[in-house]
Amino acid sequence: KKVLWSPEEPASRVVALASTDRISFWDLGKDEGTKTSSTSPGELENVLAVSWNHLNHNLVCASCGNSLRCLDLRSMSQTICIDGAHEMAVRDVDVSKTNQHLVATGGDDCHLCVWDLRKPREPVVKVSQHSHWVWQARFNPFHEALVLTSSSDSLVQLWHLHEEEEGGGNEIKAGAEGLRPHTYDEHEDSVYGVSWSVADPWTFLSLSYDGRVMANQVPSSVKYEVLL
């Protein structure tokens with residue numbers, strides 16, 4: 001099961017509880033916890049990961065088997081459904097905190113995919129440098145062009161996605177040509193979790209099955225490419 005706090009406000013008492021076949025929403029400030037809404041029984045199957053959109057609080061994205069589904073919380077209806085988002089199970093999903101349209105997914109097919117929800121027919125970026133399941137994919141909370149992946153091949157990989165100017169700002173450039181990750185290989189076992197620092201945009205932690213926690217930083221060369 002998964003538990004997510006609503007990103008709507010710092011003092012929010014609303015949480016999402018995701019089980020294998022549904023997502024329920026609870027207000028913990030009412031009568032010691034009141035269920036406010038839920039997906040219908042059988043609407044979702046094999047829910048593996050859930051991510052709340054921090055810029056559009058009415059949108060939640062979930063991985064269900066090998067598909068990606070997005071729910072509008074106002075109507076509790078599916079607004080986007082991408083069947084076959086990965087060839088195998090989608091282990092993780094993460095909505096960018098700086099671009100509400102971007103979603104990253106990692107799967108048992110060893111791939112990282114980045115989706116633009118405005119044109120979800122195919123991923124904007126699809127890359128694979130892992131040799132086993134991708135357990136987590138995480139956007140940098142300050143720069144959506146930086147994405148971390150962790151895998152049961154014991155590696156953590158940092159991806160710097162190509163950007164291009166569009167409409168007065170930067171957009172993730174479609175395609176994976178020339179993309180090569182920076183690889184961190186200090187772990188000796190499966191890496192199940194990665195987490196960016198919320199205070200320092202260039203620092204992150206990774207956690208492996210053997211309990212080892214590693215702290216690493218974005219290489220200076222990558223940092224300068226992002227900033228310049």
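If only one of Asp27, Asp21, Asp83 is acidic (Asp, Glu) and closer than 17 Å to Leu117 by Cα, which one is it?
Asp83
Return yes or no: is Asn66 at pLDDT below 95, closer than 22 Å to Val114 by Cβ and open to solvent by 10 Å² or more (accessible area, probe 1.4 Å)?
no
Given the condition at pLDDT below 95, in a loop (DSSP other than H, G, I, E, B), among the hydroxyl-bearing types (Ser, Thr, Tyr) and closer than 30 Å to Ser131 by Cα, answer yes or no: does some residue in the stretch 19-29 qualify?
There is at least one residue in the stretch 19-29 that is at pLDDT below 95, in a loop (DSSP other than H, G, I, E, B), among the hydroxyl-bearing types (Ser, Thr, Tyr) and closer than 30 Å to Ser131 by Cα.
One residue is enough: does the stretch 73-83 have a residue meeting the conditions touching a Ser or Thr at 6+ places or on another chain (Cβ under 9 Å), open to solvent by less than 40 Å² (accessible area, probe 1.4 Å) and not hydrophobic (A, V, I, L, M, F, W, C)?
no
Filter the stretch 174-228 down to the residues that are open to solvent by less than 80 Å² (accessible area, probe 1.4 Å), of a type outside the set (A, V, I, L, M) and over 23 Å from His132 (Cα atoms) and list them by number.
Once the filter is applied, which keeps residues that are open to solvent by less than 80 Å² (accessible area, probe 1.4 Å), of a type outside the set (A, V, I, L, M) and over 23 Å from His132 (Cα atoms), the stretch 174-228 yields Ser197, Asp200, Pro201, Trp202, Thr203, Pro219, Ser220, Ser221, Lys223.
Of all residues being aliphatic (A, V, I, L, M) and either farther than 14 Å from His187 by Cβ or open to solvent by 10 Å² or more (accessible area, probe 1.4 Å) (or both) in the stretch 141-157, which is farthest from the chain's Cα centre (by Cα)? Just the residue, please.
Leu155
Suppose we keep only residues that are in contact (Cβ under 8 Å) with a residue 24 or more places away in the chain, within 16 Å of Val50 (Cα to Cα) and part of a loop (DSSP other than H, G, I, E, B) within the stretch 87-140. Which one would you say is least open to solvent (accessible area, probe 1.4 Å)?
Ser96
Give me a count of the residues in the stretch 160-212 that are within 23 Å of Val95 (Cβ to Cβ) and of a type in the set (S, T, N, Q).
5
The values are calculated or read from the model by the stated rules, or taken from the named source; none is laboratory data. Treat the numbers as computed from the prediction; the structure is a model and nothing was measured. For neighbour counting, all protein chains shown are included, and Cβ atoms are generated from backbone atoms with ideal geometry for every residue, glycine included. Just the protein is used for accessible areas: all its heavy atoms, side chains included, with ligands, DNA and RNA removed. Shrake-Rupley method; radii C 1.70, N 1.55, O 1.52, S 1.80 Å.
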